[in-house]
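Sharing a structure here in structure tokens format.
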Amino acid sequence: MNIIQCKICHKPFHSIGGNTCPDCMAKIDREYSTVRDYIYDNPNAKIDDVSKETGVEKAVILHLLKDGRLKLSSPDIGGALVCYICKKPISSGRMCEECKAKVALTMNKNIEGNKPPQPEQKDLKASKHTAKMHTDISRRG
Ligand SMILES: [Zn+2]
Ligand SMILES: [Zn+2]
């Protein structure tokens, strides 16, 4: 049994993985198209306007934004949604584009860094230039 508090209505419920109760999940799905259509027609709307005009709770809209299902073109949503790395206001998801790019880079680097050290150098033909390095490596190994 995994009882957690619903992120939207704060009611405790039996979670099967999500953080919103079945009632709110159904509500979110129902209201999603309303909000999406409104944003489609008013791409520069602020979250307050969206909530006022559609009658959809801010918490629901925020949930959809965090999920990445909705995207407001204006990152100014009252500071409710910020990049979890640099705390810059963002309009959708959990990270700003810059941090997303940085994280992707770091991940690539880690993959490279995990390569085992290359011992082949030992077998390279020792030219005059690499002779010293050659000795260093054989002494160490
Ligand atoms: Zn709920
Ligand atoms: Zn960031």
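Rounded, prolate or oblate: which fits the stretch 1-85 when a ≥ b ≥ c are the square roots of the eigenvalues of the alpha-carbon gyration tensor, with rounded for a/c under 1.5 and prolate only if a/b beats b/c?
Here the stretch 1-85 falls in the prolate category.
For Glu53 paired with Ala101, estimate the spin-label separation in nm (one decimal), with each label point 7 Å from Cα along the Cα-to-Cβ line.
Here the answer is 3.1 nm between the modelled labels.
Which of Tyr40, Tyr84 comes first, and how do the rest follow, when ranked by fewest Cβ neighbours within 10 Å?
Tyr40, Tyr84
If you don't mind, another one. Strictly over 28 Å apart at the Cα level, which of Lys58/Lys102; Lys27/Lys52; Lys58/Lys109 would you flag in this model?
The answer is Lys58/Lys102; Lys58/Lys109.
If you place +1 on the Cβ of every Lys and Arg and -1 on the Cβ of every Asp and Glu, how big does the dipole about the Cα centre of the stretch 1-92 come out, in debye to the nearest 20?
So the dipole magnitude of the stretch 1-92 works out to roughly 340 debye.
Throughout, read-outs are computed from the coordinates displayed, never taken from laboratory work. Note that the coordinates shown come from a computational prediction; the quantities given were computed from them, not determined experimentally. Don't worry about glycine lacking a Cβ; one is built from the backbone with ideal geometry, like all the others, and counts go over all protein chains shown.
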